[in-house]
Amino acid sequence: MKSAGYYDLRQALTEPGCALCRLLARLADNAIDGVLWELVNDPDTRRNLNRARGYCREHAWLLVRHGASLGVAILMQDVIETLLGVLEMANFEKPAGPPLSRVWHSLNHSPSSSEATAGLLAELSPQQPCPVCVATERATSYYLEALLKHLNGPDELLSIYRASDGFCLPHFRQALARVTDKGVPENAFTALVEAQKTIWQRLEADLREFIRKNNYLFQKEEFGQEGDAWRRAIEAVSGAPPAKVK
Ligand SMILES: [Zn+2]
Ligand SMILES: [Zn+2]
């Protein structure tokens, strides 16, 4: 039986760019929606966000959406209060040792913040990961499992994958890291590498053609599918662009 992950992936692979980046972006967007419209006053949600010291930079800006300002203000007030509580508890930890050695130390070394501020730095750092990162990591496993399980065989994903823009390099690495997982067919490694090779060769040919047409000798030639190859290459190497602030 195929999971919902299989069908999501199958659909996403027919669209441009890294299918996994797109699925995870949608999931992150839905997760933030869920928090803003249903969970602003949920104690667990608030505790997790406070302990994570807010969302990570990638996910925090998803909070900016129509009608969300009050919810965001309530969530952020709690985080800021938590941070203030941390600062109130902070003690500057003086470096240990007799005064004389301290003088010698300060003459011979640039002042080190490590001893004095380690405690506060640790408390200001996330005490647990960003909640949306946790959700996207879980979903990544779920989608990669679906891909690897159904690369070959009936309703295989391999040919759709090969015809797509492929996963971005970070997601391809994650897929590859899982080919030895239990339940993954033995030929998954060869199949995945062969498909990725085809995808990158196609992209490289487009880049070559784009560069050729930029030569003044060929400037009269119109751009075709290679016109946005430079942009597709950024995504292929580094992943989809970050979400735009709405
Ligand atoms: Zn990706
Ligand atoms: Zn995050």
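The values are calculated or read from the model by the stated rules, or taken from the named source; none is laboratory data. Predicted model only: the values in this text are computed from it and were never measured. Neighbour counts run over all protein chains shown; Cβ positions are idealised from the backbone, glycine included. Protein only, heavy atoms only, side chains kept; ligands, DNA and RNA dropped before computing areas. Shrake-Rupley method; radii C 1.70, N 1.55, O 1.52, S 1.80 Å.
If contacts are Cα pairs under 8 angstrom and at least 6 residues apart, what is the relative contact order of region 156-235 in percent? Walk me through the intermediate numbers first.
Values: 38 pairs, mean separation 23.0, N = 80.
That works out to 29 percent.
Sorted by accessible area (1.4 Å probe), largest first, how do 223, 167 line up?
Numbers: 223 100, 167 5 Å².
Result of the area sort, largest leading: 223, 167.
Decide, for region 109-246, between rounded, prolate and oblate: order the square roots of the alpha carbon gyration tensor eigenvalues as a ≥ b ≥ c, take rounded if a/c falls under 1.5, and otherwise choose prolate if a/b is larger than b/c, else oblate.
On the way: a/c = 2.69, a/b = 1.33, b/c = 2.03.
Judged from the Cα gyration tensor, region 109-246 comes out oblate (a/c at least 1.5, b/c at or above a/b).
Within region 137-161, which residues have the backbone N less than 12 Å from the label spot 7 Å out from residue 186 along Cα→beta-carbon, could you tell me?
none
Assuming R0 = 30 Å, what is the FRET efficiency of residue 86 and residue 57, from their Cβ-Cβ distance, to the nearest 0.05? Walk me through the numbers on the way to the answer.
Working: r = 20 Å, r/R0 = 0.65.
With R0 = 30 Å, the Cβ-Cβ based efficiency is 0.95.
Pop the C-beta distance of residue 211 and residue 243 into the FRET formula with R0 = 30 Å and round what comes out to the nearest 0.05.
Numbers: r = 30 Å, r/R0 = 1.01.
For R0 = 30 Å, the calculated efficiency reads 0.50.
Before I look further, what does the chain give for accessible area per residue, probe 1.4 Å, in whole square angstrom? The partial results should precede the final answer.
Working: 15600 Å² over 246 residues.
For the chain, the per-residue accessible area is 63 Å².
Taking 8 Å as the Cα distance limit and 6 or more residues as the minimum spacing, I'd like the relative contact order of region 109-246 as a percentage. Walk me through the numbers before you get to the answer.
Details: 75 pairs, mean separation 32.8, N = 138.
In percent, rounded to a whole number, it is 24.
What distance in nm lies between label points placed 7 Å from Cα along the C-beta direction at residue 127 and residue 178?
3.1 nm
Where is the GNM fluctuation largest for the chain (alpha-carbon springs, 10 angstrom cutoff): 20, 120, 148?
120
If the elastic network links every pair of Cα atoms under 10 Å, which of 56, 130, 21 fluctuates the most in the Gaussian network model of the chain?
Per the Cα network of the chain with a 10 Å cutoff, 56 tops the list.
For residue 15 and residue 222 in one chain, what is 0.36 nm times their gap in residues minus the Cα-Cα distance, to one decimal in nm?
On the way: separation 207, 0.36 × 207 = 74.52 nm, distance 2.45 nm.
Extra length available between residue 15 and residue 222 comes to 72.1 nm.
Extension gain residue 65-residue 156, at 0.36 nm per residue separation less the Cα-Cα distance, in nm? All intermediate terms of the calculation are to be shown ahead of the outcome.
On the way: separation 91, 0.36 × 91 = 32.76 nm, distance 3.81 nm.
28.9 nm is the gain from fully extending residue 65 to residue 156.
To the nearest 20 debye, what charge dipole does the chain have about its Cα centre, counting +1 at the Cβ of each Lys and Arg and -1 at the Cβ of each Asp and Glu?
320 debye
I want the local charge near residue 132. Using Cβ-Cβ distances under 10 Å, sum +1 for each Lys or Arg and -1 for each Asp or Glu among the other residues.
Values: positive: none; negative: 29, 58, 137.
Taking every other residue near residue 132 into account, the sum is -3.
At 222 nm, what value in deg cm²/dmol follows for the chain if DSSP H runs of at least 4 each add -39500 (n - 2.57) and the sum is divided by all its residues, to the nearest 500?
Numbers: 12 runs with 151 residues, N = 246.
Dividing the helical sum by the residues of the chain leaves -19500 deg cm²/dmol.
In the chain, what percent of the accessible surface is made up of carbon and sulfur (1.4 Å probe, ligands and nucleic acids excluded)?
On the way: 9250 of 15600 Å².
Summing carbon and sulfur atoms, their accessible area is 59 percent of the total for the chain.
Determine the relative contact order of the chain: mean sequence separation of Cα pairs under 8 Å and six or more apart, normalised by residue count, in whole percent. Before the final figure, lay out each step's value.
Working: 232 pairs, mean separation 75.9, N = 246.
Averaging sequence separation for qualifying contacts and normalising by length gives 31 percent for the chain.
Starting with the highest mean, order 158-166, 185-193 by the number of other Cβ atoms within 10 Å, averaged over the residues of each peptide.
Numbers: 158-166: 18.6, 185-193: 15.6.
Packing order, densest peptide first, comes out as 158-166, 185-193.
What do the square roots of 5 times the Cα gyration tensor eigenvalues come to for the chain, in whole Å, largest first, as semi-axes of the equivalent ellipsoid? Mind dumping the intermediate values first?
Working: eigenvalues 382, 136, 92 Å².
Semi-axes from the Cα gyration tensor: 44, 26, 21 Å.
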